[in-house]
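First up is the structure itself, then whatever we jot down about it.
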Amino acid sequence: MFLHKSTYSVRQLLDLIVERLETPYRPVIFFLCFIYYRNAAITPISQLLLTLRYFATGSMLVVVGDFCGIHKSTASRIVKKVSEAIASLRDRFINFPEDPHEIDRICTKFYEVARFPRVIGTIDCTHIKIPSPGQEMLLREAMVYGSEDFLYFH
C-alpha cells in the first residue's frame with residue numbers, strides 16, 4: 001500500500017501521542033436502573049487531524065469545528081489536548097548542544113554557510129506575506145475612544 005509522506009508522518013505522530021488522546025470508557029447511570037458506558041465519540045486520528053487543520057489554516061475554532069461537525073468548545077478542548085500531547089515530545093526531538101566546543105563548531109558552520117553569526121539552531125517554517133489593508137482603510141475603520149489604558153476599536 002502506498003502512503004503519501006505526509007500521511008506517514010501523521011500516522012507516526014499519532015502513534016507517539018495516541019495514549020494521551022484516548023478517553024477511557026466510563027460508566028454512566030441512566031434513569032437509575034440502566035448503566036451504559038460513555039466514551040469519547042471523537043477518535044484520536046480525528047482529534048489529531050482537526051488540530052493539524054487548525055494549525056495549517058489559521059482558521060477560527062468555530063470554522064474547524066464546523067468542518068468536523070463538532071461544537072467550537074469541543075474543538076477548543078481537542079486543540080489544547082493535542083497541542084499538549086505534541087509539546088510533551090519536545091525533549092525527544094528538540095536538542096541543543098551543551099558542550100562549548102560543539103557550540104563553537106555549529107556557530108562556525110552556520111557562519112560559513114550564511115554569514116550569520118552566533119547561530120546554534122534553526123526552525124523550519126513557512127513565511128506567508130499578508131498584504132496590509134492600507135493606511136486609509138485602517139484610519140477610517142478604527143475609532144479610538146478613552147484614555148491611554150483603555151482603547152476601543154469600532
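Values quoted throughout were computed directly from the atomic coordinates according to the rules given, and no laboratory measurement underlies them. Not measured: the values here are computed from a predicted model. Using ideal geometry, Cβ is built from the backbone for each residue, glycine included, and neighbour counts are taken over all protein chains shown.
The length gained on full extension between R11 and F116, counted as 0.36 nm times the residue separation minus their Cα-Cα distance, comes to 34.2 nm. Stretched out straight at 0.36 nm per residue, the stretch from R77 to I103 would grow longer than its current Cα-Cα span by 5.4 nm. Peptides 85-92, 47-54, 69-76, 112-119, ordered by how many other C-beta atoms sit within 10 Å of their residues on average, highest first, read 47-54, 69-76, 85-92, 112-119. Length available on full extension from N95 to L49: 0.36 nm per residue minus the Cα-Cα distance, which gives 13.9 nm.
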